[in-house]
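Undergrad: Shown below is the structure under consideration.
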């Protein structure tokens, strides 16, 4: 079985490779192709992967290439974890947010929008290569903004694909500790879009433990949200809604406090990551290192490999189990287009993910979901058609963007900053 990793020079790759070595009894990979245009970084991640392989008895071959088509040819699974423009483009997005007094986070607000415009054409290039060279392969997408990217493939490609995020599995792993139980005993009534989701109830072995879990998550709030105003706002939302919610909803429920928090920082998150990655890649390059270093935990993305290989295991072995992924709605959430990408519990089989029918979202959920889904669908259309008018419409639809005049000024700025990546 051939596995391709597009974006193999990512700092996350060692976690991915280490996870694969732990699951070869379920996922019989014979060759891994790591592809990235950043040859310098790719040499380092491939070197570490090969040292890890030697430690494990070299159970599969590791190849490296800067040719995407060579990497995907004949692959059973293609994992995409790309960042068009690299970390510098992310920093540019974050600074656009600061300049215009709005949120510029990687997947939310203008940051997610700019990232999507850069990324969608590249993801579709990979998807179309798979149509030709790996028509039976499955794309597993981790690339942000994951929900928009997943929907672009669903709408504009014939390949099988599933979008994946580490947030749902992270929630599940916390519940295993809270309730001293196994992951397979946990059932989340989880509904939403990627980075815009709510957990309406938690069950363990069939027993409702929602109040207990929300209380435990609330105890973690000072670590999750050090800023008093953000933390107090999110705790109030937990209490009033009686639901747990995705960390990213802070941007919508505590907007002013989040903008103030971002504005108070001397550096953006992207600039902080540069320092973390310099340390990581210095570690990765050490010839005596043959395992994932502890420093990787500072990069974020906990449970990345767990999510990836739990999904690949289920697809390869046709297990028909339930996992929370980004998939085609296909009627699962009432009131949303069939081709919309939604993040919900799904049955995983050899054919991919089929969303499990959900209870219709209450207005407090549905209103924001509908507005953000309209924005996402317009963003995809703008990226595919390279259409400034549709891009403006997408921005005007997003609740965290400025008004019409502000959106026009922001779009002009965004296109200027992104000239190297957007041929509009």
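Undergrad: Among 255, 119, 80, which one shows the highest mean-square fluctuation when the chain is modelled as a Gaussian network with alpha-carbon springs under 10 Å?
TA: It is 255.
Undergrad: Here's something else I'd like to know. Set the Förster radius R0 to 41 Å, insert the Cβ-Cβ distance between residue 131 and residue 229 as r into 1/(1 + (r/R0)^6), and round the FRET efficiency to 0.05.
TA: Once the sixth-power term is evaluated, E becomes 0.25.
Undergrad: Say each of residue 70 and residue 350 gets a label point 7 Å from the Cα, pointing the same way as Cα to Cβ; how far apart are those two points in nm?
TA: In this crude label model, residue 70 to residue 350 measures out at 3.2 nm.
Undergrad: Something else now. Given points 7 Å out from each Cα along the Cα-Cβ axis, report the residue 384 to residue 208 separation in nanometres with one decimal.
TA: The two pseudo-label positions are separated by 4.1 nm.
Undergrad: Once you keep just the Cα pairs under 8 angstrom separated by 6 or more residues, what percentage relative contact order results for the chain? Please report the intermediate quantities before stating the final value.
TA: Numbers: 771 pairs, mean separation 75.3, N = 424.
Relative contact order here is 18 percent.
Undergrad: Would you mind ranking 339, 288 so that the residue whose beta carbon has the fewest other beta carbons within 10 Å leads the list?
TA: So the residues, fewest neighbours to most, are 288, 339.
Undergrad: DSSP beta bridges in the chain, what fraction antiparallel, as a percent rounded to 5?
TA: The answer is about 55 percent antiparallel.
Undergrad: Compute the separation of the alpha-carbon centres of the range 328-370 and the range 66-136 and state it in Å as a whole number.
TA: 23
Undergrad: Right, another one. If one puts a single equal scatterer on every Cα of the range 79-236 and applies the Debye formula without solvent, what log₁₀ I(q)/I(0) results at q = 0.20 Å⁻¹?
TA: The Debye formula, applied to the Cα set alone, gives -1.19.
Undergrad: Another question, then. Between residue 185 and residue 318, how many nm apart are label points set 7 Å from Cα along the C-beta direction?
TA: 3.2
Undergrad: For the chain, what is the calculated [θ] at 222 nm in deg cm²/dmol (nearest 500), taking -39500 (n - 2.57) for each run of four or more DSSP H residues and dividing by its residue count?
TA: Dividing the helical sum by the residues of the chain leaves -16000 deg cm²/dmol.
Undergrad: Where in the range 309-345 does the amide nitrogen come within less than 15 Å of the point 7 Å from the Cα of residue 360, taken along Cα to Cβ?
TA: 331-337
Undergrad: How do 372, 139, 179 rank when sorted from fewest to most other Cβ atoms within 10 Å of their own Cβ?
TA: Ascending number of Cβ neighbours within 10 Å: 179, 372, 139.
Undergrad: Next up: If the label point is 7 Å along Cα→Cβ of residue 1, which residues in the range 322-351 have backbone nitrogen under 12 Å from it?
TA: Flagged as within label range: 350.
Undergrad: Further, regarding this structure: Kindly give Rg over Rh for the chain, based on alpha-carbon atoms, with the Kirkwood expression for the hydrodynamic radius. Walk me through the numbers before you get to the answer.
TA: Numbers: Rg = 20.7 Å, Rh = 22.0 Å.
Reported Rg/Rh (Cα atoms, Kirkwood Rh): 0.94.
Since every read-out is calculated from the coordinates, none of them should be taken as a lab result. Note that the structure is a prediction, hence the values are computed from the model and not measured. Cβ sites come from the backbone with ideal geometry, for glycine too, and all protein chains shown count toward neighbours.
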